[in-house]
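Structure, as structure tokens:
The values are calculated or read from the model by the stated rules, or taken from the named source; none is laboratory data. Bear in mind that the values here come from a model prediction, so they are computed numbers and not experimental data. Glycine gets a Cβ as well: all are built from the backbone with ideal geometry, and neighbour counts include every protein chain shown. Side chains included, ligands, DNA and RNA excluded: accessible areas come from the protein's heavy atoms. Shrake-Rupley method; radii C 1.70, N 1.55, O 1.52, S 1.80 Å.
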Amino acid sequence: MSESLQAFWRELLEVSAARRPELAAGDIESVEARAASLDTSLLPASGWLDLFRLCIGLGFFQPAATLRDKAVLRMIQNASAPEARLSELTMACYASLEQGKYDRAAEWLERMESSGCAPQRCSQVRWFSGLMSGGHEGDADGLLWGDSPADPEFGHLIQGSSIAVVGPVASEVESGPDIDGYDVVVKFGYRGGNRGRDPRFQGKRVDVSYYNNAQSKTLAESDFAPVFSELRWGVCHNGKGCSRFRPAPANLRQLTSLQWFLPDTHLNAGPNALLDLLRFRPSTICVFNTDLMLSSGRFAGYREAGNEETDYTRSFIKTHDPVLQYRIMHRLWSNGFIQGDARFEYVMKLDLAGYLKELQKAYGAVNRALF
């Protein structure tokens, strides 16, 4: 380990309360300064991502983002070698899109194609690049690369429609009537009955419900037929979720995931659903009751009252990268592909540094370290 990396490691241990339980003024800034001074070549991209997750776990979100930026730069460095593998070219292509370097991303995509990347995946990247750059390619129709045979029928519902995407953040704004006025109302983890259908705050309607693996497992182990009879479509995030439903309902489909293109992370339910819906060219998408995990205990209507509040720090460490999620959502918003209610608009206007500051207040080390 280099001297500079050892110095950063010692600083991280010191400030993370292995020896001092109270944070002193400037502690977090000191860790961030050490992180910023590190040379990108000191670690592989995977090593920077490990340090990023460790800092998230210790509650230092802004220094973590600095370390993550090193990973992004290292991805591009690795792919610059003439003998770069397809996996390295893929990471560099995503990294360039995140940086806003769209011409460079197109060059990486050309190298991906010549290195044997599947045509369907290349089409998916080209479409995603159009979203990230704000471009509107005439042939960038999501139907060209989808996996699900139900895509055409689902697309017929979505294309040209106004879509309300309703998250479960507790809200005091009575948006229910507004939500119910959209052509299609999308919610998450619907299991039947009135949960998630508060007419004042969430709207009565559920036309489409998206399910992650945990939600699909819970629903599949119950009598799910009545739930699907209420829905126009249920959508699972992957094949594992779909496989649990036997017999499979006719109005169940699987979205085509971008996970293969992302640097060792999974998209949360919201971004997954938004990208899936945007494939089919809706006229409008408006996001309600969603603040990208800044609120805790926000699952009123989806979980029984009295359950413990969810600490998303573990989720951030294990599978979900909050920086990546925010950057994608912010790009979709700034390019005009999505809009939202007042809370969502507030979060988008924070920009990344402000968002991480708020995220640290909710889950991270403020007055005390978490270690």
Answer yes or no: is there a residue in the stretch 211-229 that is more than 21 Å from PRO271 (Cβ to Cβ), touching a residue at least 60 places away in the same chain (Cβ under 8 Å) and surrounded by 18 or more Cβ atoms within 10 Å (Cβ to Cβ).
no
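Quick grid of which residues meet (1) open to solvent by less than 10 Å² (accessible area, probe 1.4 Å); (2) touching a helix residue (DSSP H, G or I) at 6+ places or on another chain (Cβ under 9 Å); (3) within 24 Å of ASP341 (Cβ to Cβ):
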{"site": "GLU113", "(1), (2), (3)": "no, yes, no"}
{"site": "LEU143", "(1), (2), (3)": "no, yes, no"}
{"site": "GLY160", "(1), (2), (3)": "no, no, yes"}
{"site": "GLY167", "(1), (2), (3)": "yes, yes, yes"}
{"site": "VAL173", "(1), (2), (3)": "no, yes, yes"}
{"site": "GLY176", "(1), (2), (3)": "yes, no, yes"}
{"site": "ASP180", "(1), (2), (3)": "no, no, yes"}
{"site": "ASP183", "(1), (2), (3)": "no, yes, yes"}
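Taking the conditions exactly as written (at pLDDT 95 or above and polar (S, T, N, Q)), does SER114 satisfy them or not?
Numbers: at pLDDT 95 or above: yes; polar (S, T, N, Q): yes.
So SER114 passes the test.
Does GLY189 fit the bill of being of a type outside the set (Ser, Thr, Tyr) and either closer than 17 Å to CYS242 by Cβ or modelled with pLDDT under 95 (or both)?
On the way: of a type outside the set (Ser, Thr, Tyr): yes; either closer than 17 Å to CYS242 by Cβ or modelled with pLDDT under 95 (or both): yes.
So GLY189 passes the test.
When you look at GLN120, is it over 22 Å from LEU324 (Cα atoms), in contact with an Asp or Glu (Cβ under 9 Å, 6 or more places away or on another chain) and assigned to a helix (DSSP H, G or I), yes or no?
yes
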Output the qualifying pairs, or none if there are none: Cβ atoms under 8 angstrom, residues six or more apart or on different chains, first residue in the stretch 235-247 and without any contact (Cβ under 8 Å) to a residue 24 or more places away in the chain and part of a helix (DSSP H, G or I), second residue open to solvent by less than 20 Å² (accessible area, probe 1.4 Å) and among the basic types (Lys, Arg).
none
Taking the stated definitions as given, is LEU356 in contact with a His (Cβ under 8 Å, 6 or more places away or on another chain), aliphatic (A, V, I, L, M) and in a helix (DSSP H, G or I)?
no
Options ASP151, ASP139; residue that is modelled with pLDDT under 95, over 16 Å from ARG205 (Cα atoms), of a type in the set (D, E, K, R) and loosely packed, with under 15 Cβ neighbours inside 10 Å:
ASP139
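Does GLY59 count as touching a strand residue (DSSP E or B) at 6+ places or on another chain (Cβ under 9 Å) and within 30 Å of GLU11 (Cα to Cα)?
Values: touching a strand residue (DSSP E or B) at 6+ places or on another chain (Cβ under 9 Å): yes; within 30 Å of GLU11 (Cα to Cα): yes.
Answer is yes for this residue.
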From the residues in the stretch 73-104 that are free of Cβ contacts under 8 Å to residues at least 40 places away in the same chain and open to solvent by less than 10 Å² (accessible area, probe 1.4 Å), which one is farthest from the chain's Cα centre (by Cα)?
ALA79
